[in-house]
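What follows is a set of notes on a single structure, which appears directly below.
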Amino acid sequence: MEDAVASIRLHVNHHDPYEEWEKETRQEAFRIARQQHAQVRSEQRKERHQARTKAQQELEAIHEQQLKEVQRQLSEMNLKKRQDEEQLRSQWKERDRRLWERIDAVIKLEEEKMRVKLEGERRKREEEERIRRVIEEKKRQEDERKRHEEEEKSKKREQEDEERRQVVEAERARAERERTEEQERKALGLTTAFEDWKRARDTLKALKNGPMKTVKSDKALKSIWSAGRRAITPKIGQLTNDLQAINKISQQIIEIVRPLRPHPPPVYVALLSSVAKAILLQAEIEVTAEKRSAIPLAQVTTNLLGVLDGFADVFWARLCQRAGGWPIPIVVPAKDADGVPLSDEGRRKALGYRPDEGLADYTTRVSGIMRVYFHILVTPVIQPLDPVVRLPRYWTIFSRMLKNPSLLDSCVAPSVLHAALDVGGLLAREVWGQQWVRLLSLLYEGVTVGYHGVEGRLIGGKSPEGIAARVRVQLEIERIMGAS
């Protein structure tokens, strides 16, 4: 027993190295295992903590996004609510406005009805009062009429007798005065503007419907007339400002128109017409380009006017045909000399316009023709000529034009006046003296200040042509007045 115990004690107290190593190894393994286990548990706890943190952050982000979405939806709902409220408020305001408009309209309608009613009653009262006053006035007038009836009858008879006597006396004096004036005009060769116009138009119609129609319808007469016309035209075109050449050509034309063996009367008159047309055509062509070419034309015309019977009438008719009413001068009337109304085309033709001719070309052409006519008026002559080609006609043209605003308003007027002043202004000053100076002062006022006392209403109007011609007239008057 003791041995067993000693053996056990020995065994217990014995230190085996392997067992010691195994025991230490086992203890070390346990220690390492516990450390690893603790580390693993620590890492697991850390991972779980991180996972919980990440999940919490994700959950918070989701919650935040959901909160923003909710807030956005709430904002949209609030905006829509405000819009709906504003729309409802506007609708209510519009409804109230329309309601009040209808109420105001009804009130105004009722007020208008009341006003009309009151106005009607007032008018009725006024009408009744007026009728009452009218009745009273009629009654008073009737009483007054009856009271003065006998007196008025007697006064009326006396007045009628006196008026009849005065009318008879005035008519007799007027008739006597007109007869005296007409005799004086005839003695002096004076006519009215319309008489001059009628003379030209009647002569032109008689010429076209008489001799010209006869000559053109007869072959033999037409042949004679054509030969004479062909001989006349070159003569007029050969004119120069040489007295000997002028007299020679004048004589040649006289021999063509009035040969030793006289032409038949229709041919003679037709040749007079051809001479007049050739002169005026030359005036339109040459004088427009060179104003001095008007002098020989005027001298030849004056020579022919003093020799050829009837040439004054024919020349006057053709002159007014080409230049309209400016040679007279007169505003071309709406009716012809025979009383027949002129169409627009007919009146334009009577004014002297060519087909498709503009105002500027018309003014230039008429000015050239009138320059020749003014030279005819101032050309000295030995034998008396027709009144329409005598010097007094120069004064008549100025006098008539200054009396007629319709003529002065035209842009043609200053061009014609300038041609007249340029040709005969100085001669007129010598002939009429102070009277001419007074006329020029009126004309100067018309181109600088205004005519007929109307400031700003200048001769020639406001067209560029009229303004330019008006300046030339002003300069020409200053030249005449400044001449010694």
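Any idea which of Asp313, Asp361 is over 24 Å from Gly460 (Cβ atoms), open to solvent by 40 Å² or more (accessible area, probe 1.4 Å), out of contact with any Leu (no Cβ under 6 Å at 6 or more places or on another chain) and in a helix (DSSP H, G or I)?
Sole residue among the options that is over 24 Å from Gly460 (Cβ atoms), open to solvent by 40 Å² or more (accessible area, probe 1.4 Å), out of contact with any Leu (no Cβ under 6 Å at 6 or more places or on another chain) and in a helix (DSSP H, G or I): Asp313.
Taking the residues in the range 274-302 that are within 16 Å of Ala323 (Cβ to Cβ) and among the polar types (S, T, N, Q) as candidates, determine which candidate is surrounded by the fewest Cβ atoms within 10 Å (Cβ to Cβ).
By that ranking, first place goes to Thr288.
Counting just the residues of the range 389-421 that are in contact (Cβ under 8 Å) with a residue 24 or more places away in the chain, surrounded by fewer than 19 Cβ atoms within 10 Å (Cβ to Cβ) and assigned to a helix (DSSP H, G or I), which one comes out farthest from the chain's Cα centre (by Cα)?
Residue satisfying both the conditions and the ranking: Pro392.
Could we say that Ile328 is surrounded by fewer than 20 Cβ atoms within 10 Å (Cβ to Cβ), out of contact with any strand residue (DSSP E or B) (no Cβ under 7 Å at 6 or more places or on another chain) and touching a residue at least 40 places away in the same chain (Cβ under 8 Å) here?
Criteria not met by Ile328.
I'm told Leu427 meets every condition in (1) without any contact (Cβ under 8 Å) to a residue 40 or more places away in the chain; (2) under 17 Å from Gly482 (Cα atoms) except one. Can you identify the failing condition by its number?
Condition not satisfied by Leu427: (1).
Please work out if Val340 is surrounded by fewer than 21 Cβ atoms within 10 Å (Cβ to Cβ), at pLDDT below 90, in contact with a Ser or Thr (Cβ under 9 Å, 6 or more places away or on another chain) and hydrophobic (A, V, I, L, M, F, W, C).
no
From the list Ile224, Ile236, Ile249, pick out the single residue that is of a type outside the set (S, T, N, Q), under 16 Å from Arg318 (Cβ atoms) and out of contact with any Cys (no Cβ under 6 Å at 6 or more places or on another chain).
Ile236
Going by the conditions given, is Leu239 touching a residue at least 40 places away in the same chain (Cβ under 8 Å), assigned to a loop (DSSP other than H, G, I, E, B) and in contact with a Ser or Thr (Cβ under 8 Å, 6 or more places away or on another chain)? Even if it seems obvious, please write down each step before you answer.
On the way: touching a residue at least 40 places away in the same chain (Cβ under 8 Å): yes; assigned to a loop (DSSP other than H, G, I, E, B): yes; in contact with a Ser or Thr (Cβ under 8 Å, 6 or more places away or on another chain): yes.
It is true that Leu239 is touching a residue at least 40 places away in the same chain (Cβ under 8 Å), assigned to a loop (DSSP other than H, G, I, E, B) and in contact with a Ser or Thr (Cβ under 8 Å, 6 or more places away or on another chain).
Restricting to the range 365-381, what's the tally of residues that are buried (at least 16 other Cβ atoms within 10 Å of the Cβ) and either touching a Phe, Trp or Tyr at 6+ places or on another chain (Cβ under 8 Å) or of a type in the set (Val, Ile, Thr) (or both)?
The total comes to 9.
Between residues in the range 436-456 that are polar (S, T, N, Q) and residues that are open to solvent by 70 Å² or more (accessible area, probe 1.4 Å), which pairs lie under 9 Å by C-beta distance while being six or more apart or on different chains?
Going by the 9 Å Cβ cut-off, the qualifying pairs are Ser441/Met481.
With the structure loaded, tell me whether Ile295 is in contact (Cβ under 8 Å) with a residue 40 or more places away in the chain and not in a helix (DSSP H, G or I) or whether it fails that test.
So Ile295 fails the test.
Inside the range 436-484, can you point out the residues that are at negative phi, in a loop (DSSP other than H, G, I, E, B) and open to solvent by 20 Å² or more (accessible area, probe 1.4 Å)?
Val449, Val454, Glu455, Arg457, Leu458, Lys462, Ser463, Ala483, Ser484
Counting just the residues of the range 422-435 that are in contact with a Phe, Trp or Tyr (Cβ under 6 Å, 6 or more places away or on another chain) and open to solvent by less than 40 Å² (accessible area, probe 1.4 Å), which one comes out nearest to Met370 (Cα to Cα)?
The qualifying residue nearest to Met370 (Cα to Cα) is Val423.
The values are calculated or read from the model by the stated rules, or taken from the named source; none is laboratory data. A quick note: this is a predicted structure, and the numbers were derived from the prediction, not measured. Cβ sites come from the backbone with ideal geometry, for glycine too, and all protein chains shown count toward neighbours. Heavy atoms of the whole protein, side chains included, go into the accessibility calculation; ligands, DNA and RNA do not. Shrake-Rupley method; radii C 1.70, N 1.55, O 1.52, S 1.80 Å.
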